[in-house]
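Visitor: One structure is given below, represented as structure tokens, and several questions about it will come after.
The values are calculated or read from the model by the stated rules, or taken from the named source; none is laboratory data. Here the structure is a predicted model, which is why all the values come from computation and not from measurement. Positions of Cβ are backbone-derived with ideal geometry, glycine not excepted, and every protein chain shown enters the neighbour counts. Quick note on the areas: whole protein, heavy atoms, side chains included, nothing else; ligands and nucleic acids left out. Shrake-Rupley method; radii C 1.70, N 1.55, O 1.52, S 1.80 Å.
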Amino acid sequence: MRAAVVRAFNEDLSLETVPDPDCPANGVVLEVAACGVCRSDYHGWVGEHPKVSDGSILGHEYCGTVVAAGPQAKHTIGDRLIAPFILGCGDCPACQTGASNTCEHSVVPGFGAPGAYAEFVAVPFDHNLVHLPDTLSPALAAGLGCRVTTAWHALTDRAGVRAGEWVAVHGTGGIGLSALLLAKMLGARVVVVDIVEEKLTHALALGADAAVNASTQDVPVAIRDLTGGGAQVSIEALGIAATTNASVECLATLGRHVHVGMPAGDGMMHINMRAIYAKQLAFYGTRGMPSWKYPTLLGMIERGDVDLSPMLDRTVSLSGASAELRAMKGPTAPGTAVITDFAT
């Protein structure tokens, strides 16, 4: 099969012909229809993820059609499926209590297992996969596996956002735009933060109530002024110390910080604990979403309760993935990119 392979950090992915994946006994092989290019992939591409090395194939936001099924698989050849990026084992206490996104035995294609920057991807634990609605395009569906699902879980299960609350979103990439659209659907008021004016303008056009440019404004002060004392919920969607501290400091008393952005490097940060202590804040970590929540989210999208199409900006070929990763070294354009052409 054709795949884009990591051969050296910070260098273009190598387009190679590699062996087709073996079918797991407890899973399937998908012919990949689409795969998102995510900032988490960028962390691996630059060498900041311990499970990405020479020979790795990135790609954890994917959907496709089953072309092979193992003897223990739940799905059959021809099924069109979408996958959460965290594949829980299904048997451990975490999975049995509905928290499959915390499974210690999970598999994450692209990080420790070959991912979907390729024509085919092997997917073990296929009970995590769900059927792709006919009304949802593969390009849009691919982004759900990480960005949208993570944002939905962060807003609902972690922060418990309520109608009328102020939600601050730090970073307007895929996670940030998803959080904006979903928070508005929940009836919240949203202030977005970024350093790129074009992205802030884009977010305002999508329904954000206010925007703060972190390159020219004191973010916590600006948000406290805009919200009349601070946001009730703040979503950190980048993974660096500056946005983490801005997220904590912009909150009102008893506010809830949700850390969504993958921390870079060793993950160590200097955090304003005095703000957390003095305002008695809640500080939540979150990663992914349990697979059983997919049908509810997909149902909302099918019914038109939320329109997530604005988060998809462009489709690219497999050979174009390197340029998308390289662009993440600096300020990026609004919207997200998805690989849909695996032949060029």
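Visitor: What's the longest bit of the chain with no exposed trypsin sites (Lys or Arg not before Pro), using DSSP loop states and at most 14 other Cβ atoms within 10 Å as the test?
Guide: 163-328
Visitor: In Å³ and rounded to a whole number, note down the convex hull volume per residue for the Cα atoms of segment 149-246.
Guide: Looking at segment 149-246, the number lands at 84 Å³ per residue.
Visitor: Using only alpha-carbon positions, what ratio does the radius of gyration of segment 1-150 give when scaled by 2.2 N^0.38 Å?
Guide: The reported ratio for this selection is 0.98.
Visitor: Tell me what the chain gives for mean residue ellipticity at 222 nm when only DSSP H runs of n ≥ 4 count, each as -39,500 (n - 2.57), the sum divided by the residue total, rounded to 500 deg cm²/dmol.
Guide: On the way: 11 runs with 84 residues, N = 344.
Theoretical 222 nm ellipticity from helices: -6500 deg cm²/dmol.
Visitor: For LEU13, what charge total do you get from the other residues with a beta carbon under 11 Å from its beta carbon, if Lys and Arg give +1 and Asp and Glu give -1?
Guide: Taking every other residue near LEU13 into account, the sum is -3.
Visitor: Whole number in Å², please: accessible area per residue of the chain, 1.4 Å probe, ligands, DNA and RNA not counted.
Guide: 40
Visitor: Using modelled backbone amide H atoms (1.01 Å from N, in-plane), which distant-in-sequence or interchain residues come within less than 5 Å of LEU13's amide H?
Guide: Excluding prolines and chain starts, which carry no amide H, the hits are SER322.
Visitor: Give, rounded to the nearest 20 debye, the magnitude of the charge dipole that the chain has about its Cα centre when Lys and Arg contribute +1 at Cβ and Asp and Glu contribute -1 at Cβ.
Guide: Dipole about the Cα centre, nearest 20: 860 debye.
Visitor: Expressed as a whole percent, how much of the Cα-Cα distance distribution for segment 240-344 exceeds 18 Å?
Guide: 69
Visitor: On a 29 Å Cα-Cα criterion, which of the cross-link pairs LYS184/LYS293; LYS74/LYS184; LYS293/LYS329; LYS51/LYS293; LYS51/LYS184 come out too long?
Guide: As for pairs spanning more than 29 Å Cα to Cα, those are LYS74/LYS184; LYS293/LYS329; LYS51/LYS184.
Visitor: Now a separate question. Cα atoms only, the chain: Rg and Dmax in Å?
Guide: Just the Cα atoms of the chain yield Rg and Dmax of 19.4, 59 Å.
Visitor: Percentage of Cα-Cα pair distances in segment 12-74 greater than 19 Å, rounded to whole percent?
Guide: So the portion of pairs separated by more than 19 Å is 45 percent.
Visitor: Here is a further query. In whole Hz, with x marking every Gly and Pro, tabulate ³J(HN,Hα) for segment 27-39 from phi via Karplus 6.51 cos²θ - 1.76 cosθ + 1.60, θ = phi - 60°.
Guide: Using θ = phi - 60°, the values come out as x, 9, 10, 9, 7, 6, 8, 7, 8, x, 9, 10, 5 Hz.
Visitor: Among DSSP bridges having both ends in the chain, what percentage is antiparallel? Round to the nearest 5.
Guide: Values: 25 of 53 bridges.
Among the beta bridges of the chain, antiparallel pairing accounts for roughly 45 percent.
Visitor: Using Cα pairs under 8 angstrom and six or more residues apart, how large is the relative contact order of the chain, in percent?
Guide: On the way: 843 pairs, mean separation 63.9, N = 344.
It rounds to 19 percent for the chain.
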